[in-house]
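*Asks:* One structure, pasted below without further comment.
The values are calculated or read from the model by the stated rules, or taken from the named source; none is laboratory data. Just so it is clear, the structure is predicted and the values come from calculations on it, not from any experiment. In this analysis, Cβ positions are derived from the backbone assuming ideal geometry, glycine residues included, and neighbour counts consider all displayed protein chains. Surface accessibility is based on the protein's heavy atoms, side chains included, excluding ligands, DNA and RNA. Shrake-Rupley method; radii C 1.70, N 1.55, O 1.52, S 1.80 Å.
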Amino acid sequence: MKFFVDTADIVDIADLAETGLLDGVTTNPSLIAKSGRKFLDVIAEICAFVSGPVSAEVTALDTATMLKEARVLRRIASNVAIKVPLTWDGLKACKALTDDGAMVNVTLCFTANQALLAAKAGATFISPFIGRLDDIGQDGMQLIRDIRRIYDNYPHLKTEILSASIRNADHVTQAALAGSDVATVPPSVLRDLVKHPLTDKGLDAFLADWKKTGQSVL
Ligand code: G3P
């Protein structure tokens, strides 16, 4: 499973990119607002660090203006993936953009039918929001399983499932088990993936025993 990081914080992105674990980045208007910075500058800076897809979201509601915004965003770098909302206008924009060779991430997906429409419109990525479904008492992960099953029934559909709205490490495990192609993960959750108390405890014990030997490799 590929890891994208879900943030517009360039410091976090630079740090995580050093691990070699980062396959891409997703942003959204809320994350850009949180950064307090200019959208186009942030996307350009991220693209300088990351060679994988960097999702930048249009904010227009109609297809024609979405396509105009997409033209500006695509000029920033060749790895910009245009993020469009799961609306009829968004799907039309998705079709036009993918026909023109752009990567498109269709976002705000909450049903398997929406995911099917996005795939038929040629989406590069579909972003089902796990955490927001959990928030309203539904099973977000079931949506990932359902989309996986549907896409696998129709191998000509090439859309990658990009599990989004991931809130914890277990979401990452479950998304991988469900066969999600990508998980976009907040930086804090990505850092949590390495942690286990027994890893820390084991390391402490090994170092204490090593100290007793009085040896040194260097
Ligand atoms: O980028 C879209 C998605 O990951 C948002 O997550 O936590 O705001 O529901 P969240």
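*Asks:* Express the carbon and sulfur contribution to the solvent-accessible surface of the chain as a percent, rounded to the nearest whole number, probe 1.4 angstrom.
*Replies:* With neighbouring chains kept in place, the figure for the chain is 56 percent.
*Asks:* State which entries of LYS68/LYS95; LYS68/LYS92; LYS68/LYS158; LYS120/LYS158; LYS92/LYS120 exceed 19 angstrom in Cα-Cα distance in the structure shown. Please list the in-between numbers first.
*Replies:* Details: LYS68/LYS95 14 Å; LYS68/LYS92 13 Å; LYS68/LYS158 26 Å; LYS120/LYS158 9 Å; LYS92/LYS120 11 Å.
Where the Cα-Cα span goes over 19 Å, the pairs concerned are LYS68/LYS158.
*Asks:* Please quote Rg/Rh for the chain to two decimal places, taking the Kirkwood radius as Rh and restricting both calculations to Cα atoms. Don't skip to the end; give the middle numbers.
*Replies:* Values: Rg = 19.6 Å, Rh = 18.4 Å.
With Rh from the inverse mean 1/r over Cα pairs, Rg/Rh is 1.07.
*Asks:* Counting Lys and Arg as +1 and Asp and Glu as -1, what is the net charge of the other residues whose Cβ lies under 13 Å from the Cβ of ALA8?
*Replies:* Computed value for this residue: -2.
*Asks:* Do any trypsin sites (Lys or Arg not before Pro) in segment 151-218 lie in a DSSP loop with no more than 14 other beta carbon atoms within 10 Å, and if so, which?
*Replies:* On the way: sites: LYS158, ARG167, ARG191, LYS195, LYS201, LYS211, LYS212; in loops: LYS158, ARG167, LYS195.
Those that pass, being in a loop and sparsely packed, are LYS158, LYS195.
*Asks:* Let me ask something else. Before I look further, what does the chain give for accessible area per residue, probe 1.4 Å, in whole square angstrom?
*Replies:* Values: 11510 Å² over 218 residues.
Counting only protein heavy atoms, the per-residue value for the chain is 53 Å².
*Asks:* If I fit a long axis through the Cα atoms of helix 63-76 and take the longest principal axis of the Cα atoms of the chain, what angle between them do I get, 0 to 90°, rounded to 10?
*Replies:* 40
*Asks:* With a 10 Å cut-off between alpha carbons and a GNM built on the chain, which of ALA33, ALA93, ALA17 moves the most?
*Replies:* ALA33
*Asks:* Now a separate question. Using only protein heavy atoms and a 1.4 Å probe, report how much of ASP204 is accessible, in Å² to the nearest 10.
*Replies:* 100
*Asks:* Taking the chain as a Gaussian network, Cα atoms linked when under 10 Å apart, which of ILE43, ILE147, ILE136 shows the biggest mean-square fluctuation?
*Replies:* Residue with maximal mean-square fluctuation among ILE43, ILE147, ILE136: ILE136.
*Asks:* Moving on to the next point. For SER165, what charge total do you get from the other residues with a beta carbon under 12 Å from its beta carbon, if Lys and Arg give +1 and Asp and Glu give -1?
*Replies:* -1
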